[in-house]
Amino acid sequence: MMTNKTWSGRFREPVSELVKQYTGSVDFDKRLAPWDIQGSLAHAQMLAEAGVLRAQDLADIQRGMAEILAEIEDGKMPWSLDLEDVHMNVERRLTDKIGDAGKRLHTGRSRNDQVATDIRLWLRDEISQINQLIGDLQSALVDLAETHADVVMPGFTHMQVAQPVSFGHHMLAYVEMFGRDFERMADCRKRVNRMPLGAAALAGTTYPIQRETTARLLQFEAICQNSLDAVSDRDFAIEFTAAASLLMIHLSRLSEELILWMSPRFAFIDIADRFCTGSSIMPQKKNPDVPELVRGKSGRVIGHLMGLITLMKSQPLAYNKDNQEDKEPLFDTVDTLIDTLRIYADMMRGITVKPDNMRAAVLQGFATATDLADYLVKKGLPFRDSHEAVALAVRHADSLNVDLSDLPLSVLQSFSALINEDVYEVLTPEGSLNARNHLGGTAPAQVRAQAARWRKILSADAE
Ligand code: ARG
């Protein structure tokens, strides 16, 4: 059987079965079919307006494509590896349905500009969805921040208790990170949303095409201005995967914290049972599988970034078959991101916060030592001297296994005569939080203000 009909006359023998399987992409790129058809319809309409295609041919193409779309939706479209990829499968099906008009569709076009267009059309839609999901995750975190603005937890540096922070403040740190991820996605989308169609194989075409018309029909923001560049570069895909990797890295950091916090050593939070699994051998176990898998899947997305960027490295202009390898990593990146964001927003809405345990951990770690040092500075002691006096007080409290706030006034005064009864206000975790009442600080009033600011941003984005 001749399997290379597309190139026909040039070949003396059919392509080998192994090569057909090796070079075929239909198994995975058929997912682009709806965008492939969208692109073809715009191309056909433009050709008709330019007088290259007859009105009847255009009408036939439109009718045929509508049928094919319905077949795809119903799972009735016959996909064939003999036809290599999604583009030739759709075109052949069209020709089977409408005859010669189907064969005229490919006028002034190549699969090279066609596939670059398809990926961009598909990816811009996916980015829009990803950004909606980022917004939804952010609002779950803002809800938590607002509800728990007054909850004190230890803030850590070097994983050692450092200073008290509001749990809401901690949640809002991630809202900021995801906010930048959203911006990166939106910015990347602008460069995805440019039209390669019209570049044809690499040099443009001899037909009187109107690229502005096609771009308008497809709602592209701009048109690729150089045909060689248009068919060959996949930098937009690399950029997207880089933004996706950063998003996954942020999610992996939050996941790591959730896993630690759920461990009985911390017992800061609980994750709802529906996001956890048990052990087949240890009856007591409740494992935070979802955050663990998110942490693991971040590696997979970074791997796709490495794959795509290496795919592009040293490729001479213009199109090379190497580029067919862009699809699977890109598809998997999008699927991983969308699944992860969906489950994450749900999971965050289902966590239980344990304020008593968080507060107890603050008290175990001398988290208000800096507040005591600041207190002495405000009474006139130079900061270095105050740092030393407090260090000695901490050593003493540590040897007695008590918190600074448990030391009687007379004992505290033995470290500095400047200490008075009012010191106990600054030694409490709540006093420590409230004292950091400035833009970006952890005071509950600031947390509430930031939560309100984000709520406004998120509701404007959602419109
Ligand atoms: N399946 C191909 C790809 O994904 C389509 C473009 C093929 N072009 C070519 N000249 N062989 O890149």
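Where a number appears in this text, it was derived from the coordinates with a stated rule and is not lab data. Everything numeric here is computed off the predicted structure, so don't read it as measured data. We place every Cβ from the backbone using ideal geometry, glycine too, and count neighbours over all the protein chains shown.
Given the stretch 17-109, report the % of alpha carbon pairs whose separation exceeds 17 Å. Roughly 47 percent, once rounded to a whole number. Between the helical axis of 355-364 and the longest alpha-carbon principal axis of the chain there is an angle of about 60 degrees.
Projecting the Cα positions of Ser314, Val334, Thr370 onto the charge dipole of the stretch 314-395 (unit charges on Cβ atoms of Lys, Arg, Asp and Glu, taken about the Cα centre) puts Thr370 furthest along the positive direction. The Cα atoms of the stretch 310-463 give a gyration tensor whose axes a ≥ b ≥ c have a/c of 1.5 or more with a/b greater than b/c, which makes the shape prolate. Taking every alpha-carbon pair under 8 Å whose residues sit at least 6 apart, the chain reaches a relative contact order of 17 percent. Within the straight-line cut-off of under 20 Å between alpha carbons, none of the lysines are reachable from Lys456, sequence neighbours fewer than 8 places apart in one chain being disregarded.
Which residues in the stretch 361-376 have a backbone N closer than 17 Å to a point placed 7 Å from the Cα of Asp422 along the Cα-to-Cβ line? It comes to 371-376, nothing else.
If the segment from Arg300 to Val394 were pulled out straight at 0.36 nm per residue, it would be longer than the present Cα-Cα gap by 29.3 nm. Per-residue 3J(HN,Hα) values for the stretch 405-414, derived from phi via the Karplus relation 6.51 cos²θ - 1.76 cosθ + 1.60 with θ = phi - 60°, read 5, 8, 6, x, 4, 4, 5, 4, 5, 5 Hz in sequence order (x marks Gly and Pro). Convex hull volume per residue, computed on the Cα atoms of the chain, equals 202 Å³.
Counted residue by residue at 0.36 nm each, then reduced by the alpha carbon distance between them, the extension gain from His158 to Gln129 reaches 6.8 nm. What the Cβ-Cβ distance of Glu292 and Asp346 gives, at R0 = 22 Å and to the nearest 0.05, is a FRET efficiency of 0.85.
Entry note, the chain: the mean residue ellipticity at 222 nm calculated from DSSP H runs of n ≥ 4, each adding -39500 (n - 2.57), is -20500 deg cm²/dmol after division by the residues and rounding to the nearest 500. For Val165, the amide hydrogen comes within under 5 Å of the amide hydrogens of Met153, Gly155, counting only partners 5 or more places away or on other chains and with H modelled in the peptide plane. The tail of the calculated P(r) for the stretch 327-404, taken as Cα-Cα distances beyond 16 Å, holds 68 percent of the pairs. Straight-line cross-link partners of Lys285 among the lysines, defined as a Cα under 22 Å from its Cα and at least 8 positions apart when in the same chain: Lys354. With the charge dipole of the chain set up from +1 on Lys and Arg Cβ and -1 on Asp and Glu Cβ about the Cα centre, the Cα lying farthest toward the positive end among the listed residues Ala149, Leu53, Leu260 is that of Leu53.
Between the Cα long axis of helix 167-192 and the first principal axis of the chain there is an angle of about 20°, rounded to the nearest 10. Counting 0.36 nm for each residue step from Glu49 to Ala452 and taking away their Cα separation leaves a gain of 139.9 nm. Sorted fewest first by neighbouring Cβ atoms within 10 angstrom, Trp79, Trp122, Trp35 come out as Trp79, Trp35, Trp122.
Computed from the alpha carbon positions, the gyration tensor of the stretch 379-463 leads to an equivalent ellipsoid with semi-axes of 38, 13, 11 Å, biggest first. Partner lysines whose Cα lies under 20 Å from the Cα of Lys297, excluding those fewer than 8 positions away in the same chain, are identified as Lys327. Once Rh for the stretch 240-304 is found with the Kirkwood sum over Cα pairs, what is the Stokes-Einstein diffusion coefficient at 10 °C and 1.306 mPa s, in µm²/s? For the chosen part, D equals 125 µm²/s.
One Cα centroid belongs to the stretch 118-153, the other to the stretch 318-355; the line between them spans 13 Å. Each residue of the stretch 136-179 gets 59 Å³ once the volume of the Cα convex hull is shared out per residue.
In this Cβ point-charge picture (+1 for Lys and Arg, -1 for Asp and Glu), the chain has a dipole of about 900 debye about its Cα centre.
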